[in-house]
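A.B. asks: Pasting in a structure now, in structure tokens, and then I'll have a few things to ask.
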2 protein chains.
Amino acid sequence: MSWNARRFWLSKWKGLSPIEAVGCLSERPFGRIFGFECLSFPSSTPSTTETEAMQAKNELPRREFIGSMTAALVGGSAVNSAALGSWLGQDESTQAAAGRSTEPVRMGIIGVGGRGTYLLRLLLEQGVEVPAVCDIRPARLEIAVNLIAKAREGRKPATYGKDPFDYRHLLARDDLEAVLVATPMQWHAVMSVDALRAGKHVLSEVSAAVTLQECWDLVHAVEETGRIYMLAENCCYWHPVMMIRNMVRKGIFGELTFAECGYVHDCRALAFEADGSLTWRGELSRDHRGNLYPTHSLGPVAQWLGINRGDRLVSLVAAETKHAGMRHYIEKRFPPDHPARKLQFKAADSTTVLIRTAKGVLIDLRYDVKSARPHPTTVYYSLQGTTASYDSRIDGIWIEGRSPSYQWQPLDTYREEFEDPLWKEHRAAAEKTGHAGGDFFVLHQFLEAIRRGGPSPIDVYDAVTWSAVTPLSEISLNEGGRVVEIPDFTRGKWESRS
Amino acid sequence: MSWNARRFWLSKWKGLSPIEAVGCLSERPFGRIFGFECLSFPSSTPSTTETEAMQAKNELPRREFIGSMTAALVGGSAVNSAALGSWLGQDESTQAAAGRSTEPVRMGIIGVGGRGTYLLRLLLEQGVEVPAVCDIRPARLEIAVNLIAKAREGRKPATYGKDPFDYRHLLARDDLEAVLVATPMQWHAVMSVDALRAGKHVLSEVSAAVTLQECWDLVHAVEETGRIYMLAENCCYWHPVMMIRNMVRKGIFGELTFAECGYVHDCRALAFEADGSLTWRGELSRDHRGNLYPTHSLGPVAQWLGINRGDRLVSLVAAETKHAGMRHYIEKRFPPDHPARKLQFKAADSTTVLIRTAKGVLIDLRYDVKSARPHPTTVYYSLQGTTASYDSRIDGIWIEGRSPSYQWQPLDTYREEFEDPLWKEHRAAAEKTGHAGGDFFVLHQFLEAIRRGGPSPIDVYDAVTWSAVTPLSEISLNEGGRVVEIPDFTRGKWESRS
């Protein structure tokens, strides 16, 4: 079956309920859209600087802290802290670690809910060794253990999860090169920082962070440990997204001027547990306003624009709607005396952020997870340059001097010429996996980066730049729609990075 | 042929060049998209308060001023200033004038370029008497005169146009009830104000005004004269637009929260005369930044939202791209030593304005007339409510409890139930005219309003509220993206108007 971009954009999620589409309840590959496990970890967020606080309290430099934590927490049973420190020391000053042999990559998985379990399956298929898994729910752990045992001729992995911080015992193991962090979003940064400082490469689910402090913590952790940190942003690997990126790099769009992107996905059902208490999504929406999930939309566009590689995001302004969609949903779902009826959410139905880049590109970024609508076109992208225009919503591209006069063409028209080499090589494997191949490539590229010794395909600078839209848009809204500067997390390196 | 909304949105302008699409060079009905005559009047704009300045100088109250101007300018040859003053006096305090007989409406036409001539044809077809026309170009006048003579058994209209202000002699005639203003945009407000104060009903092409002072001048002129003022916003009468409005009024969308609209149309060719000098469009773009053409996009959405009828626009913030598209165009079109190469335009390639309403709806409004792209989807609209969602770009509607689970449906699915009564009644006539029927209904509704004695279907409050986005977005941009308050031109009446 030949690739059909129109079908891709407009019909991919046709007929899925919102819960199926997020993949918490369904295991169908196309059911796992952008979701993480809702129940895997308690949704109260740890202090964003808890690790640093512990470190400061002990008055230890970072490397000693890691060794100390390792010894204190697990008594050295499966740990060789000297080796860990040594490995860390070798790579501390550079992210491009030396290449490694072709033996299997050894990864731990933190969070094996619906999303983590699905990625675990794909990792096992890609030949990864998984000696340890972590989840606070025994039932989820059991599923993961059985999957791994089946792939390892009966050998079961070590398990962690006796409390929310038990993941740190997993991190202290010396038989893991890397970890996948697939827990609720509020935990991603603190776990990733802990993992990096324990000498592990990190593949983090999206978003990378929810506060500016977490963003900087991640940057510092990567810079100081030299480990590979990759954001598991699967939309960046979608076929049309990569094809447009390829076209941009080949100059087809000329000078870029404008882009739109959005994540518009009715996730109201996912804000609540079955009993009406809030999931981590619900708590995030209760406690924050702004764009609370920016990377699926912004990530691909930022890559097209070369953000942190010749251009950078410099400022944003946010505006939001009233609150109506969630109230409508709650009134339908919960009886009048239910506690959910009294909930107040800070996040509005829809939030739009306008972002300006150093080169003068304007990005229109929308986030809406509370509006009643079907799921096709959950994410969308458009790009305008001086010589071409693209809009995923209509599967339309127009190229000056190539397209017939004043007619949109299906993107697929140009597939032979501009399909990304990765897709040409791995189409068959990619098309078997979730998120239209995105998940395959995220894992494939992360493992390749480890084998090559870096660099990260979606590195910490990109990860935190995209994720920082969450706290920055909240600041803009809280201050009445003020234009807010976006930190340069590369500290000047964006001008020369490639 | 049954109506097909998908074709309507995606293929209406397929294959037209930008110039054809604007209709300056083509007389094909579908070629006249949103355009006015480029050459009809000099593009230097008169002082926005010139009329008032003249009035103040003469120290005359308004009614005497009109009589005085009439006598002074045309010597009473075709004027009965007493009758004019009397007519004005009768209706001065109310817009809802008494009904009139079924005799033909008598209109003067100011501006008979491509756009004005086309509307003149439609007016003649609708039985309007046109005793006088005005244009500063004899060749355009001659075409109009011949058209009118043919429709009036050889009787030719009076002509005006010896200088840019000769339209005031036309306004002084007492055999005109109304005028159509179809001149370059910078002239609309001053001519409309003059016409209202001369006792004429006014149908004004879009936009209504380009400065805030002009907006208020129009409001005051309508309130003080009681004449009917209508903005000729044809997009408001498009079949899908009216159908959505009908659905909103019937509660299908529930509580409204978010809307998008845009005018994205490569009009770069229209900024220049054949010799490379600037047209009025070019001058507007040279002298101003912001959304310089907001009504085709905002008008329909504002009607859906009940703006000035229970809700109102309260604030906006604007952001813009770099300048690249026009430079690219100029470099292709003009040789290196051409003066056009040195032009600097204030208007960016693309400008996005986020507007917030009193009820908390967010409107995302885009304006882009300088980007290389084809013309289908030149305008687009989306609307989100608590129980339905619509997006013209994909011709998709979804209605809670009606649409199949999580699938967009073509809007046409609901035509039988929600087609606007005007379309049911006048489909055959409307489909023969330009802008997909919009032009037919604009004229039809204006004439009906005159016959009924009002009210105006798109009145001065709506006209200036939509048009004020131009100067307000410029203020926002000039002040670094500041949130700018939008004046309440109804002065509180928006809460109770229906």
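The values are calculated or read from the model by the stated rules, or taken from the named source; none is laboratory data. Please read all numbers here as calculations on a predicted model, not as lab measurements. Methodologically, a virtual Cβ is constructed for each residue, glycine included, from the backbone with ideal geometry; neighbour enumeration extends over all protein chains shown.
A.B. asks: Which condition number in (1) at pLDDT 95 or above; (2) part of a helix (DSSP H, G or I); (3) more than 14 Å from the chain's Cα centre (by Cα); (4) away from chain B (no Cβ under 14 Å) is the one that residue A:476 fails?
C.D. replies: Among (1) at pLDDT 95 or above; (2) part of a helix (DSSP H, G or I); (3) more than 14 Å from the chain's Cα centre (by Cα); (4) away from chain B (no Cβ under 14 Å), residue A:476 violates only (4).
A.B. asks: Being out of contact with any helix residue (DSSP H, G or I) (no Cβ under 8 Å at 6 or more places or on another chain) and in the same structural domain as residue B:261 (by TED's automatic domain parsing) narrows it down to one of B:398, B:408, so name that one.
C.D. replies: After ruling out the rest, the residue left standing is B:398.
A.B. asks: Just the residues that are over 23 Å from residue B:347 (Cβ atoms) and surrounded by 24 or more Cβ atoms within 10 Å (Cβ to Cβ), please, taken from the stretch B:201-216.
C.D. replies: B:201, B:202, B:203
A.B. asks: Residue B:155 passes all but one of (1) surrounded by fewer than 18 Cβ atoms within 10 Å (Cβ to Cβ); (2) within 20 Å of residue B:443 (Cβ to Cβ); which number fails?
C.D. replies: Failing condition for residue B:155: (2).
A.B. asks: Continuing with this model, one more query. Which one of these does residue B:333 not meet: (1) at the interface with chain A (Cβ under 7 Å from one of its Cβ atoms); (2) farther than 29 Å from residue B:491 by Cβ?
C.D. replies: All conditions pass for residue B:333, except number (1).
A.B. asks: State all residues of the stretch B:369-387 that are at the interface with another protein chain (Cβ under 7 Å from one of its Cβ atoms) and outside any loop (DSSP other than H, G, I, E, B); if no residue qualifies, say none.
C.D. replies: Listed by number, the list holds a single entry, B:384.
A.B. asks: Do we find a residue being in a helix (DSSP H, G or I), in contact with a Ser or Thr (Cβ under 7 Å, 6 or more places away or on another chain) and not acidic (Asp, Glu) anywhere in the stretch B:421-441?
C.D. replies: Yes: the stretch B:421-441 contains one or more residues that are in a helix (DSSP H, G or I), in contact with a Ser or Thr (Cβ under 7 Å, 6 or more places away or on another chain) and not acidic (Asp, Glu).
A.B. asks: Next question. Go through (1) at the interface with chain B (Cβ under 10 Å from one of its Cβ atoms); (2) within 25 Å of residue A:487 (Cβ to Cβ); (3) in contact with a helix residue (DSSP H, G or I) (Cβ under 8 Å, 6 or more places away or on another chain) for residue A:352 and report which single condition fails.
C.D. replies: Condition not satisfied by residue A:352: (3).
A.B. asks: Considering only residues that are crowded, with 20+ Cβ neighbours inside 10 Å and touching a helix residue (DSSP H, G or I) at 6+ places or on another chain (Cβ under 8 Å), which ones fall in the stretch B:263-278?
C.D. replies: B:263, B:265, B:266, B:267, B:268, B:270, B:271, B:272
A.B. asks: With the requirement that a residue be part of a helix (DSSP H, G or I) and of a type outside the set (A, V, I, L, M, F, W, C), what does the stretch A:220-253 give you?
C.D. replies: Of everything in the stretch A:220-253, those that are part of a helix (DSSP H, G or I) and of a type outside the set (A, V, I, L, M, F, W, C) turn out to be A:220, A:223, A:224, A:225, A:234, A:237, A:239, A:240, A:245, A:246, A:249.
A.B. asks: Considering only residues that are in contact with a strand residue (DSSP E or B) (Cβ under 8 Å, 6 or more places away or on another chain) and outside any strand (DSSP E or B), look in the stretch A:263-273 and name the one that is farthest from the other protein chains (Cβ to nearest Cβ).
C.D. replies: If we take residues in the stretch A:263-273 being in contact with a strand residue (DSSP E or B) (Cβ under 8 Å, 6 or more places away or on another chain) and outside any strand (DSSP E or B), then A:271 is farthest from the other protein chains (Cβ to nearest Cβ).
A.B. asks: State all residues of the stretch B:125-139 that are more than 20 Å from the chain's Cα centre (by Cα) and without any contact (Cβ under 8 Å) to a residue 60 or more places away in the chain; if no residue qualifies, say none.
C.D. replies: B:125, B:127, B:129, B:130, B:131, B:132, B:138, B:139
A.B. asks: State all residues of the stretch B:355-368 that are facing chain A (nearest Cβ under 7 Å) and free of Cβ contacts under 8 Å to residues at least 60 places away in the same chain; if no residue qualifies, say none.
C.D. replies: Once the filter is applied, which keeps residues that are facing chain A (nearest Cβ under 7 Å) and free of Cβ contacts under 8 Å to residues at least 60 places away in the same chain, the stretch B:355-368 yields only B:356.
A.B. asks: Considering each of B:260, B:233 in turn, give the residue that is crowded, with 24+ Cβ neighbours inside 10 Å, out of contact with any Phe, Trp or Tyr (no Cβ under 6 Å at 6 or more places or on another chain), within 14 Å of chain A (Cβ to nearest Cβ) and modelled with pLDDT of 95 or more.
C.D. replies: Being crowded, with 24+ Cβ neighbours inside 10 Å, out of contact with any Phe, Trp or Tyr (no Cβ under 6 Å at 6 or more places or on another chain), within 14 Å of chain A (Cβ to nearest Cβ) and modelled with pLDDT of 95 or more holds for just one of B:260, B:233, which is B:260.
A.B. asks: A further question follows. Only one residue in B:147, B:141, B:176 is among the hydrophobic types (A, V, I, L, M, F, W, C) and surrounded by 23 or more Cβ atoms within 10 Å (Cβ to Cβ), so which one is that?
C.D. replies: Sole residue among the options that is among the hydrophobic types (A, V, I, L, M, F, W, C) and surrounded by 23 or more Cβ atoms within 10 Å (Cβ to Cβ): B:176.
A.B. asks: Can I ask one more? Being surrounded by 23 or more Cβ atoms within 10 Å (Cβ to Cβ) and without any contact (Cβ under 8 Å) to a residue 60 or more places away in the chain is the requirement here; does residue B:301 meet it?
C.D. replies: No.
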